[in-house]
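A short reminder: the numbers here are calculations on the coordinates, not readings from a lab. Worth saying up front: this structure is predicted, and the values here are computed from it rather than measured. All Cβ positions, even for glycine, are placed from backbone atoms using ideal geometry, and neighbour counts span all protein chains on display.
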Amino acid sequence: MNNKNTDIMSVLLKKPIFEGISNQELAQQLEARKKCEKKLPVWFGTPKIYYPAKLNIEQTSSEITARYKAGIVTGKSLLDATGGFGVDSYYFSQKIERVFHCEIDKNLSQIAAHNFRVLGAENSKTIPTDGMEFLKDAETRFDWIYLDPSRRNDSKGKVFRLSDCLPNVLDDLELLFTKSDNILLKTSPLLDFSIGIAELKNVQEIHVIAVNNEVKELLWLLRKGYVSEIAVKTINLSKTGKETFQFRLHEEKNASPTYSLPLSYVYVPNAAILKSGAFRMVGNRYGLYKLHVHTHLYTSDTLVDFPGRRFRLDMAFPYSKRNLKRLGLDKANISTRNFSESVAEIRKKFKIADGGDRYLFFVTDKNEVRTVLYCTKT
C-alpha cells in the first residue's frame with residue numbers, strides 16, 4: 001500500500017523480486033494502481049485488488065459517475081453487456097439483487113471476478129463472453145440492460161455516431177427490448193444530441209454528466225414503448241456538491257429569452273448545461289437576461305443562485321487596443337463567447353498571461369458590439 005510512488009523503470013531493471021511474478025507484471029500493477037488513486041479510490045485503497053493494463057483503467061468509468069448511474073436503476077436483475085473492468089457493475093450491485101457482468105476479454109473478465117470477491121460484491125456474476133451473444137441465448141428477461149459501447153478503431157476523425165461503436169446499439173435495439181423494458185446506454189459526450197435523438201427510439205431521459213465542470217458521459221434512458229416528451233437532466237458533480245438543472249426538450253424550443261446589455265453580475269452555465277443546449281430557458285428559469293442570441297452568458301442586477309460560475313462585473317467597455325492597454329493587465333483568465341478572435345490570439349496580441357484573480361470575457365452584446373467584460377469571481 002506504500003508503493004504508489006515507486007519508479008516503474010527501476011522495477012523493470014531489477015532482478016526478479018517475487019517468485020512466480022515477472023517484473024513486467026509487477027510494473028504493470030504499480031502503474032495501473034497509481035492511475036486509480038483519484039479516479040477509483042475504493043480500488044486504490046483496497047488490498048488484494050488486481051489491476052489490468054492501464055488502458056483499461058483509462059477507459060473505465062470513474063467511481064463518481066458509476067455511483068450516479070447506480071442511482072438511476074432499480075429492480076432485481078441487471079445485465080452489464082459491456083462489463084470491462086467492472087466499476088459500473090460493482091456500483092449496480094449495490095442497488096440490484098443480481099448483476100450479470102459480460103466481458104469478451106477473458107483475462108479482463110477474470111480480473112473483474114477476482115476484484116468482485118475482494119470487494120464483497122458476491123451478487124455479481126462474471127460471464128467471459130460477448131454480451132450481445134449472451135443476450136441472444138438468454139432465456140430470462142432483465143429489469144435493466146446497461147451498455148457502454150466502445151468506438152471502433154477505424155472511425156477516427158469522423159463525426160461521432162452510434163454506428164461507429166461496438167456493439168452497434170442501433171442494430172441491436174429490437175433484441176434489447178425483447179430482453180428488457182429498460183435500457184441504460186452510456187455514450188461519449190462527443191455524440192451530438194440531435195444525432196442521438198434521431199437514431200435512437202423510445203428515449204425517455206438524457207442525462208448529461210459533468211465532473212468538476214468537464215462533461216464526461218451522456219446517459220440515454222430508453223423505455224420500451226415510450227413515445228412522449230424527452231426529459232434532459234444535467235448534473236455537475238464536484239467536491240463541493242452537485243449542481244442539477246432539468247428541462248424537457250419542448251421547453252427549450254418554446255422559450256423566449258430577454259436580452260440586456262451587461263448588468264452588475266455575469267453568469268456562465270456549467271459545462272453540462274452548455275452541452276444540453278438549454279441556452280434559452282436557463283436564463284428564464286433564474287430570472288436572468290441573455291447578452292446575445294449566440295452569446296451564452298447571462299446577466300442581472302442582483303446576485304442569484306445559479307448552476308455555474310458567477311462574477312461581479314467591474315467594468316464593461318468596447319473592444320479596442322486602447323481600452324485594453326488602459327487596464328495594464330499582464331495576467332488574467334480569458335474566455336471568449338461569440339467573438340471573432342480566439343483566446344490564443346488575444347493573449348498574443350496583448351501579451352496577457354494566464355492566471356490571476358481577474359476575468360476577461362470577450363463577447364458580442366445584443367447590439368452586435370464587440371465588448372470586454374472585466375470581472376471578479378464571486
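Using only the Cα atoms of region 257-377, construct the convex hull and provide its projected area averaged over every direction, in square nanometres to one decimal. Don't skip to the end; give the middle numbers.
On the way: hull surface 27.6 nm².
Dividing the Cα hull surface by four gives the mean projection, 6.9 nm².
Net charge near L219: determine it from the other residues with C-beta under 9 Å of the C-beta of L219, scoring Lys and Arg +1 and Asp and Glu -1.
+1
With the cut-off at 1.5 for a/c, could you classify region 58-228 from its C-alpha gyration tensor as rounded, prolate or oblate?
It is rounded, given that a/c, with a ≥ b ≥ c, falls under 1.5.
In whole Hz, what ³J(HN,Hα) sequence does region 351-360 give by Karplus (6.51, -1.76, 1.60; θ = phi - 60°), x for Gly and Pro?
After applying 6.51 cos²θ - 1.76 cosθ + 1.60, I find 6, 10, 6, 7, x, x, 10, 9, 10, 10 Hz.
Which of the following values of Cα extents along the principal axes in Å was calculated from the structure shown: (1) 70, 59, 37; (2) 75, 68, 38; (3) 59, 59, 37?
Label of the calculated value: (1).
Over 5 Å intervals from 0, what percent of Cα-Cα pairs in region 309-378 sits in each interval?
The distribution over region 309-378 is 4, 16, 31, 29, 16, 4, 0, given as percents.
Determine the gain in length on full extension of the stretch Q246-K321; use 0.36 nm per residue of separation and subtract their C-alpha separation, reporting nm with one decimal.
Result: 22.9 nm gained on full extension.
E122 to A231: FRET efficiency via 1/(1 + (r/R0)^6), r the Cβ-Cβ distance, R0 45 Å, to the nearest 0.05?
0.80
May I ask for the distance between the Cα centers of region 68-139 and region 233-258, given as a whole number of Å?
Taking the Cα centre of each part, region 68-139 and region 233-258 sit 31 Å apart.
Using θ = phi - 60° and the Karplus curve 6.51 cos²θ - 1.76 cosθ + 1.60, what whole-Hz ³J(HN,Hα) does each residue of region 302-318 get, with Gly and Pro shown as x?
With coefficients 6.51, -1.76 and 1.60, one gets 10, 6, 10, 5, 7, x, x, 8, 10, 9, 8, 7, 8, 6, 10, 8, x Hz.
Against the longest principal axis of the chain, how steep is helix 23-39, in degrees 0 to 90 to the nearest 10, with axes from Cα atoms?
Taking Cα atoms only, the helix is inclined about 40 degrees.
Give me the extension gain from K377 to K351: residue separation times 0.36 nm, minus the current Cα-Cα distance, reported in nm with one decimal.
Taking K377 through K351 to full extension adds about 7.1 nm, to one decimal.
To the nearest 10 degrees, how steeply does helix 169-179 sit against the main Cα axis of the chain, on a 0 to 90 scale?
Value to nearest ten degrees: 60.
Using helices alone, I'd like the mean residue ellipticity at 222 nm for the chain: each DSSP H run of four-plus residues gives -39500 (n - 2.57), total over residue count, nearest 500.
For the chain, the value works out to -8500 deg cm²/dmol.
Within a 10 angstrom radius of the beta carbon, how do I209, I197, I64 rank from fewest other beta carbons to most? Before the final figure, lay out the partial values.
Numbers: I209 25, I197 14, I64 19.
Arranged by neighbour count, lowest to highest, I209, I197, I64 become I197, I64, I209.
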